[in-house]
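Please treat every number below as a calculation from the coordinates, not as lab data. Everything quoted here is computed from the prediction, not taken from an experiment. When we count neighbours, we look across all protein chains shown, and the Cβ atoms used for this are built from the backbone with ideal geometry, even at glycine.
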């Protein structure tokens, strides 16, 4: 997943409330997170979140290819 796709997904989530983008799910995680641990079958996988600015606010978002999920956290 590239930066442009991620920004489009985050914008869709923030502006329209979209929680799906094709096969990709969007899940909100607690505010101010920059790393999220995805639990899968008793194992954890760290998802590093990257900063995105949408409508004057800062969000952190990261993509998991294993679960095809984008995790979004409000930063400011």
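For this structure, a couple of remarks:
- Tensor-based shape of segment 2-76 (alpha-carbon gyration tensor, a/c under 1.5 rounded, otherwise prolate or oblate): oblate
- Length-normalised contact order of segment 3-74 in % [C-alpha pairs under 8 Å, at least 6 apart]: 32 percent
- Residue-span extension gain [residue 15 to residue 53] - 0.36 nm each, minus C-alpha spacing: 12.5 nm
- Helical contribution to [θ] at 222 nm, DSSP H n ≥ 4, -39,500 (n - 2.57), averaged over the chain, rounded to 500: -3500 deg cm²/dmol
- Sorted ascending by nearby beta carbons within 10 Å, beginning with the fewest, 50, 4 become 4, 50.
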